[in-house]
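For reference, the structure I am asking about is given below.
The values are calculated or read from the model by the stated rules, or taken from the named source; none is laboratory data. Just so you know, these numbers come straight off a predicted model, no measurement behind them. Neighbour counts are summed over all protein chains in view; Cβ atoms, including those assigned to glycine, are modelled from backbone coordinates with ideal geometry.
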């Protein structure tokens with residue numbers, strides 16, 4: 001009886017780590033690099049910035065002085081890595097950006 005219980009418990013425990021389960025890589029957001037950001041010039045219109053970088057992933061309906069370009073990457077169900085670029089405007093003209101880019105963008 002003890003051996004049946006031990007065997008059942010062992011089979012139950014191994015069921016949690018089923019070999020061969022495939023986990024996909026998940027990428028979401030705007031993939032930007034230094035080359036993309038170098039295209040930005042002070043005084044550009046909002047539409048020119050969007051032509052250069054694409055559509056922002058987040059907009060603040062209360063404060064339109066900044067737009068957010070976020071990219072996340074999760075490889076094989078592991079840790080989520082994120083890069084974030086915030087583009088600032090004065091009126092409707094590009095002012096500057098702040099960027100926290102990944103060292104390596106896996107999508108390239």
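Under 6 Å between Cβ atoms, at least 6 apart or on separate chains: pull out the pairs that start in the stretch 53-65 with a residue that is in contact (Cβ under 8 Å) with a residue 12 or more places away in the chain and on the phi > 0 side of the Ramachandran plot and end on any residue that is in a loop (DSSP other than H, G, I, E, B) and surrounded by 11 or more Cβ atoms within 10 Å (Cβ to Cβ).
Going by the 6 Å Cβ cut-off, the qualifying pairs are 54/30.
Something else: Just to verify a result, which residue in the stretch 68-98, among those that are exposed (fewer than 15 other Cβ atoms within 10 Å of the Cβ) and at pLDDT 90 or above, is nearest to residue 24 (Cα to Cα)? Working first, answer last.
The first filter runs over the stretch 68-98 and keeps only residues exposed (fewer than 15 other Cβ atoms within 10 Å of the Cβ), leaving 75-80, 82, 88, 90-93, 96, 98.
Narrowing the set further to residues that are at pLDDT 90 or above leaves 82, 88, 90-93, 96, 98.
Details: 82: 17, 88: 34, 90: 41, 91: 42, 92: 40, 93: 40, 96: 36, 98: 31 Å.
Going through the qualifying residues, I end up with 82.
Could you list, in sequence order, the residues of the stretch 89-108 that are under 12 Å from residue 44 (Cβ atoms) and in a strand (DSSP E or B)?
89, 90, 93, 94, 95, 96, 97, listed by residue number.
Taking the conditions exactly as written (under 13 Å from residue 99 (Cβ atoms) and free of Cβ contacts under 8 Å to residues at least 60 places away in the same chain), does residue 83 satisfy them or not?
Considered against the rule, which asks whether it is under 13 Å from residue 99 (Cβ atoms) and free of Cβ contacts under 8 Å to residues at least 60 places away in the same chain, residue 83 comes out as yes.
Pick from 55, 65, 42, 47: which is touching a strand residue (DSSP E or B) at 6+ places or on another chain (Cβ under 7 Å), surrounded by fewer than 11 Cβ atoms within 10 Å (Cβ to Cβ) and modelled with pLDDT of 85 or more?
On inspection, the qualifying residue turns out to be 42.
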